[in-house]
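Notes for the one structure printed next.
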Amino acid sequence: MAKGILGTCGEKQQVMLLLLIQIIVIVLMGTLMTYGPEARPVPRNRSISAYSPTNSWLPDDKKDDDSPPLYPMYQDVHVMIWIGFGFLMTFLRRYGQSAVGLTFLVGAILVQVAMLCEGVFNIGKNGKAPLSLKSLLSADVAVAAPLISMGALLGKTTYMQLIVMGIIELIVYTANKYIGENHFVVVDAGDSMYVHAFGAYFGLAVSFVFGMKEKPKEHSLEGSSYESDIFAMIGTVFLWLFWPSFNSAALKGDEQRRAIINTLLSIAASCVISFAVSAFVSKQSKFNMVHVQNSTLAGGVAIGTAAGMMCEPFGALAIGSAAGAISVLGYKYLTIFPGRIPGLGPNLTEINENYRLSLKPGPNRSAGQQAAYQLLALAVTIGVAIVSGLITGLILRMPICGSITEDQKFDDSVNWEFEDENAVHDISSASKDGNGRTAEQLSMGHI
Amino acid sequence: MAKGILGTCGEKQQVMLLLLIQIIVIVLMGTLMTYGPEARPVPRNRSISAYSPTNSWLPDDKKDDDSPPLYPMYQDVHVMIWIGFGFLMTFLRRYGQSAVGLTFLVGAILVQVAMLCEGVFNIGKNGKAPLSLKSLLSADVAVAAPLISMGALLGKTTYMQLIVMGIIELIVYTANKYIGENHFVVVDAGDSMYVHAFGAYFGLAVSFVFGMKEKPKEHSLEGSSYESDIFAMIGTVFLWLFWPSFNSAALKGDEQRRAIINTLLSIAASCVISFAVSAFVSKQSKFNMVHVQNSTLAGGVAIGTAAGMMCEPFGALAIGSAAGAISVLGYKYLTIFPGRIPGLGPNLTEINENYRLSLKPGPNRSAGQQAAYQLLALAVTIGVAIVSGLITGLILRMPICGSITEDQKFDDSVNWEFEDENAVHDISSASKDGNGRTAEQLSMGHI
Amino acid sequence: MAKGILGTCGEKQQVMLLLLIQIIVIVLMGTLMTYGPEARPVPRNRSISAYSPTNSWLPDDKKDDDSPPLYPMYQDVHVMIWIGFGFLMTFLRRYGQSAVGLTFLVGAILVQVAMLCEGVFNIGKNGKAPLSLKSLLSADVAVAAPLISMGALLGKTTYMQLIVMGIIELIVYTANKYIGENHFVVVDAGDSMYVHAFGAYFGLAVSFVFGMKEKPKEHSLEGSSYESDIFAMIGTVFLWLFWPSFNSAALKGDEQRRAIINTLLSIAASCVISFAVSAFVSKQSKFNMVHVQNSTLAGGVAIGTAAGMMCEPFGALAIGSAAGAISVLGYKYLTIFPGRIPGLGPNLTEINENYRLSLKPGPNRSAGQQAAYQLLALAVTIGVAIVSGLITGLILRMPICGSITEDQKFDDSVNWEFEDENAVHDISSASKDGNGRTAEQLSMGHI
C-alpha cells in the first residue's frame, strides 16, 4: 500500500518549520521593506507635476508613455507561474493535487522570499528597501527558477525539501543575477540565462544528489493518465500564451514590441516543430505528450535573452524551430533529464547565445567583447547553478526536511488527507475517491 | 437511484419563470438604462478637450493618468467571478457540471439585475441611468455576494431557488451598500464588508432556514473525488491570482498600487499559513483540500477594506497570516459552515476592522469616530444580511421555485440531460458516462 | 480495437509535409515580412515627438489616448483562441488530448500563415510587409475561422487535413475580407460575417464532402463523458468572458466602450435564454450540455457586426436573447450541424443584419444603400465559403493528407503515443491509462 505509516514526529517538525519560516519572513519584511515612492501618498508640499508620478513604477531610464501598462503584463506572468507551472506538473496520474497544491504553497512562500532577496540589494537611505509593482514582477520571475528546478524532483521530495531548496536557490539566484548584471553588464531580457538555465541546472544537480543512493526503477505511479495529461495541457497552453508577456514585461517602447513579436513567432515555430519532430522520432509517427507539454515552450526560452533585438521575423522563427527540435531530441535520446523541465533541451541557451553575438554590443564594448562577456556570464551561471545545486542536494538530506520512501513517490496520499480513506467499500467512494479507487482496483485486479 | 421521477409540471413552471425574468429584465433595461456619456459619441459642437473624455469612465474625483486602465482589471474580476467561483464549487464528485453551469446561468442573469439595481440609484435628468465600464465592474463585484451565498447551499437547491435568492440578495445588497457609503460614509475598498461578510451571513441564514426541517445525514454524493478536487483548484488559483485586481480596481494612483501590493502580501501569507495550520491540526500532519481550496483566499478578504491603506508590508502579512489561521480553525472546529464559503472564517472582517481603526479618519471625523462608524456599518451589514437571509429562505420554499428531495442532493442528474442515460450496458458509456457509470458501479457494488 | 495497424508510410509523409510547411513559412516570412515602424528603433535624426510613437500601433485614423491599451485585449483574444476553442472541443470522451493538442498545433502554424496572408496585401515600398501588434491581433482573429470550421470535422480527420484546410481557408478568408472591406466598404466590428459565418459555412461544406461516401452511424466514442464535459466548460466560459474583448479590440474611444457594453449584455442574455430554451425543449425540463457549451456564446456572434453601434442596452439584450433561442432550436431540430460549431445557429448573422440596417449609413450612402451592401457582402461571404469549402473538401481527400477509417474516428490513440499501451494488465495502468482502461473495461463488460 502506498499509504505508509509515517512517524508523525517528522511531519509535525516540518509543519513547525513551515510556520517558523513564515514568521521569519514577516519579521524580516517588517525590518527591511516598505512601500516604494510610487506606492506612497504624494507629499502635500510638492506639486504632482514636480513629483512626476506618471509611469513612476518604471525605473527612471525606462519611462515611456507608449509602454503598455505594467500591471496587466504582471498578471500574465502571475498566471504563468501558478496556473502554468502548477498545472503543467499535474501530468502524473496520482500526483496532480500535489503538483498544483505544492506549486501554490511553494510559490506563495518563495514570492515573499524573492522580495526580501531583491530588497537586500536595494536598501535605501532610510534603511529600508522599496516595494513596488516592479518588485512584484521581479519576484514572480525569480520564483520561476525554483519551480523549474522542482520539475526535476516532482514526486520525489517532501514539501519542506522543496521549500528549503527554493530559499537557498533564490539566494544564490539573486547573487548570481546581481553579479551578471552589474559586473559582467550582461543583459537577459527574457531571463533565459538567469532563470531558465540556472533553474534547470540547479534542479538537475539536486536531483543527481537525490538519485545517488537509489537505482531508478519503474514505479507504478510514475506515468500519466488520460485525464492528467489534459490537466497538464492547461498549464502548457497558458505558459505558451503568456510567454510574450514574460519576455517583454521589463522592456519598453519599440524594444518591448519587438520582444512580443519575436517571442510569439519563436514559440509558434517551436510548437509546430516540436509536434513534427515528436512524430518523426516516433515508431508509429504519433505525437508524444511529454514533447507537446514541454518542448513546445522551448521557443520562449530560446529567444529569451535576445527577445528585444532586431533578429527579424525570420530569425525569431529560426531560433524557435531549432529550439523545438533540439528539445524533443533531448527528451528522446538523452536520459539526463530525471523529470520534465519545461521548455529546455540541452544547451538551448547556447543557441541564442551564438545567434545574438553579432547583434548588440554592450556599453563601450565591441560586439566580440560583449559576446565574450555574455558567454562568460552564461558559463558562470551554469557553474554556480551546478555547484550550489549539489550542495543544496546534500542539505536537503538533513532530517529536518524529512524524506519520502520509494513507495511514497509520486503519490498524493503522502501530502493530502483523503476524507473517505476508511470507507473503501462504500459504493460512492469506491467509484471515484482517490485512495478508495486504488484499493478497489487492487482487489479487482487480483480476482 | 438518484434520478427521481419528477412531476414535469414544476420544472416547466421554473423554465417559464426563467424566461419571464429575462424578459422583465430586458423591459426594465429598456425603460431605465442608456449608455453613459463616455460610451456616447462626442457631440460635434463641443470640442473634445472641453468634453475631456480622457479617463472619463472613472468618477470625476478619481481621474488620474497614472492609473492602470480599468478594462484589464475588470477582465481579471470577470475571470474571478465565472472561472473562479464556478470551478471552486466543482469539488463535489457528482455536481461539477452544475457547479460550473449554475454559476454561469446565475451569474449571467444576476449581472443584469445588478446593473438595474445600481441604475435605480443613479437615474439622471433624462430619466435614465448611465451604463459604463464602471457599471460593468460594479455589477461583477455585486454578483460575488450571491455566489458566496450559493457556496452555503451548493447541491441543495433548484436553480430557480438560487436565482430568486440572488435577485432578492442584490436588492438588499444595493440598499445596504448605499446606506453604508452615503449615510455612514464608510469605505470598503475590497468590498470585504458589503460583499463578503454580507454574502456569507446571508447564505448562512438562508441555509439555516433550509436545514430546519431535515436533520443532516451523510449523503453518498456529498464528498469530493480525486479529479473534482483538481478541477476545484482551477477556481482557487484564479481567485487567488486576481484578488489584487478585485481589491484595487476601483482605486487610483498610489492608493491603488498599495492595494495591489498589500493584497498580494496578505493573500500569499494566508496561503502559506493555511497550509501550515491545515497540516498542524491534521492527525497525520497532512494537508486538507477543503482548507487549501478556501482558507488560502482568506487574506484577500481580510485585507479588503484596508487594502489601500498604509498598513506597511509587515501589516499586510500579519493580517493575511491571522486570516488564514482563523479560517482553517473555523472550518476544522466550528460546524456552523453548512457548505464551503470561500475565504471566510468567523468574524474575519473584524480583524481588519480592528487593525484599521487607527489608520484613516473619515471626513471631519477623528480616527475613533470613523472607527465607530465602520463598526456600526459592519454590524448593520451583518444584521441586515441575517434578517433578509432568513426571510429569503422562507420565500424560497414557495412552490414556484421548486425544491429537491434528499435523494436528489448533490446530483448533477437533477439539472442535466445525460445523453446515454439509457445505454448503461454499452461498453463505452459504461466506462465513462455520468449516469451509466453510477448504475454500473451500483451493480458492481452489489455483486 | 480502435488502434488500427496503420501503414507508417502515410504517416511519415504527413510528418515530412508538416516540416516542409513550417520551412516554407519561415522562408516566406524572411522574404516578405519585417518589423513595422512602431517595432523599430526611432531614427536618431528624428525627434521622438515628430515621430509621434504614442499609440503608433493603432492605425493613424484611430489614435486616441483614451483607448485601453491593445496588448491586454490581444491577450484576451489569444486566450480565447487556444484555451477557449481548444478546451471547448474536449467534450468528446476519448478525443480530449487531440482537441487541445490539435488546436495547439493547427493554431500555431495558422497564426504564421495568417500573418503572411495579411502581409501580401500590405507590402510597402521596401518590398516587405510590416509586422506589428495589430498584425498579431488580426492573425489571431483570422485563425478563429478555421478553428470554427474544425468544430464541424472534429475527430473525423487527420491533423494534416486540418492544416491543409486551414491554409486554404485563410487564403480565401483574406481575399474575401479584403474585397468586403475595400470594394463593398462594409464594416464588421466583431467579425461575425468574415470570421464566424465564413468559418461555419466553410466547415459545413467541407464536412458535406467528407460525409458523402459514408452514411453516418452511431460511433461508440462519439459522446461526451462526465469529466470531458467539465473540461469543455473551461473553453466555453473563457470564450464567454473575453468575447467583449474580441468584439472591441479593433475599435476605439466611445465606439469601443459601446462594443464592450453591448457584447456583455448580448452574451449575458444569450446565456440565460440558452439555458431556458434548452430546458424548455427538454422532455424532463433539464439542461443540455451541448446547448450550454455552445448556444450561450451566440450573443457574442450575433452582436458582432453591430457591436459598436448605438443599439442601446435594450437592443443588445434583445439581439442576444434571439440569438440564444435560435441557436438552441437549431441544435435541437435541425441536423444540419455535423459537429458542434460554437455559438452559431442558422442564419444568426441575419439577425444583426436586419437589426442594424437602419443604424449606420456608410460613407456617401443612405442607410438603405449601406444595408444593401452589407447584405451583399454577407451573401458573397457565405457563397464564397460554401464553394471554396466544397473544393477544399475534395482537395483534402488527396492521399498526401492521409485519412482515417471509421474505426479510428473520435479516438485519441490515432494521434498520440500512449506510453503504457502494452501494460494493460498492470494494476495502475489499468486503473487510469487511456488505452489500458478501454481494454480492461472491454474484458469486464464481457464477463
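Worth a mention:
- Relative contact order of segment B:227-308, defined on C-alpha pairs under 8 angstrom at six or more residues apart (%): 38 percent
- A from B by rotation - nearest chain B beta carbon to the axis, in Å: B:Pro72, 2
- Residue order, fewest to most surrounding Cβ atoms within 10 angstrom, among C:Val143, A:Val277, A:Val25: A:Val25, A:Val277, C:Val143
- Chymotrypsin sites (Phe, Trp or Tyr not before Pro) within segment C:92-169: DSSP coil, no more than 13 neighbouring Cβ in 10 Å: C:Phe121
- In terms of distances greater than 22 angstrom between alpha carbons, the cross-link table entries A:Lys286/A:Lys332; A:Lys156/A:Lys177; C:Lys283/C:Lys409 yield A:Lys156/A:Lys177; C:Lys283/C:Lys409.
- Between the beta carbons of B:Phe121 and B:Ile395, assuming R0 = 22 Å, the FRET efficiency works out to 0.40 to the nearest 0.05.
- Using R0 = 25 Å, the C-beta based FRET efficiency linking A:Tyr178 and A:Val27 works out to 0.60.
- Kirkwood-based shape ratio for segment C:92-209, expressed as Rg/Rh from alpha carbons: 1.00
- Extension gain for B:Leu20 to B:Phe208 (0.36 nm times residue separation, less C-alpha to C-alpha distance): 64.8 nm.
- Global form of segment B:191-260, assessed from the alpha-carbon gyration tensor, a/c cut-off 1.5: oblate
- At R0 = 25 Å, FRET efficiency that the Cβ-Cβ distance of B:Lys12 and B:Asp407 yields, to 0.05: 0.75
- Backbone phi angles across segment A:375-382, fed through the Karplus curve with coefficients 6.51, -1.76 and 1.60 (θ = phi - 60°), yield HN-Hα couplings of 5, 4, 4, 5, 4, 4, 4, 5 Hz in residue order; Gly and Pro are listed as x.
- Ranked C:Val42, C:Val301, criterion: other C-beta atoms within 10 Å, fewest first: C:Val42, C:Val301
- In sequence order, calculated HN-Hα J values of segment C:20-37 (Karplus, 6.51, -1.76, 1.60; Hz; x Gly/Pro): 4, 4, 4, 5, 4, 4, 4, 5, 5, 4, x, 6, 9, 10, 8, 5, x, x
- Take A:Ser366, move 7 Å from Cα toward the beta carbon, and the resulting point lies 7.6, 7.6 nm from the same point in each other copy, nearest first.
- Simple point charges give the picture: +1 on the Cβ of Lys and Arg, -1 on the Cβ of Asp and Glu, and for segment C:251-336 a dipole about the Cα centre of about 280 debye.
- Amide hydrogen proximity for B:Trp416: with H placed 1.01 Å from N in the peptide plane, the residues at 5 or more positions away or on another chain lying under 5 Å are C:Phe287.
- Other-copy label distances relative to C:Val185, 7 angstrom Cα-Cβ extension, nm: 5.7, 5.7
- Using the alpha carbons alone, the radius of gyration of segment B:251-336 stands to its Kirkwood radius in an Rg to Rh ratio of 1.06.
- Here the Karplus relation 6.51 cos²θ - 1.76 cosθ + 1.60, evaluated at θ = phi - 60°, turns the backbone of segment A:117-132 into coupling constants of 4, 5, x, 4, 7, 10, 6, x, 5, 7, x, 10, 9, x, 10, 9 Hz, with x for every Gly and Pro.
- Note on A:317-327: average number of Cβ atoms from other chains within 10 Å of each residue's Cβ is 2.
- 11 Å beta-carbon shell around B:Thr157, net charge (K/R +1, D/E -1): +3
- Cα gyration tensor shape for segment A:137-272, rounded if a/c is under 1.5, else prolate or oblate: oblate
- Arranged from fewest to most other beta-carbon atoms within 10 Å of their beta carbon, A:Met233, B:Met150 become B:Met150, A:Met233.
- Placed amide H near A:Leu131: partners under 5 Å, 5+ positions off or other chain: A:Thr34, A:Tyr35, A:Gly36
No value in this document is a laboratory result; all are computed from the given coordinates. The structure presented is a predicted model; accordingly, all values stated were derived computationally and were not measured. Heads up, the Cβs are rebuilt from the backbone with ideal geometry, glycines too, and the neighbour counts pull from every protein chain shown.
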